[in-house]
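J.: One structure coming up, written as structure tokens, with questions to follow.
The values are calculated or read from the model by the stated rules, or taken from the named source; none is laboratory data. Quick caveat, the model's predicted, so the values are computed rather than measured. Reconstructed Cβ throughout: ideal geometry from the backbone, glycine too, with neighbour counts over all protein chains shown.
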Amino acid sequence: MSTADMLIEQGIEQGLERGREQGIEQGLERGIERGIEQGIERGIEQGKIETARNMLKGGLDLSTIAQFTGLTEEALFKIRDDLL
């Protein structure tokens, strides 16, 4: 194998390694971002549920609670049943 061929092969290997490293780094960044987004969404949903629970304890009707929390009446029935 000539020196030029060895240099080309070495360059290809280095390029592939850099590509792998960049791919891993991008994958990790996307995974972290997705995890953060999902955590925020879950937190918001839990806040709505807690608000609904407090509103139910306060005696508000389901349609009013649904209007202010954005939760479905079906979800509110489940929350109410869990309180009983």
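J.: All but one of (1) exposed (fewer than 10 other Cβ atoms within 10 Å of the Cβ); (2) at pLDDT below 95 hold for G58; state the number of the condition that does not hold.
T.: It fails just one condition, (2).
J.: Could I ask something else about it? Of all residues in the range 1-42, how many are exposed (fewer than 10 other Cβ atoms within 10 Å of the Cβ) and either among the polar types (S, T, N, Q) or within 30 Å of D81 (Cα to Cα) (or both)?
T.: Residues meeting the conditions: 2.
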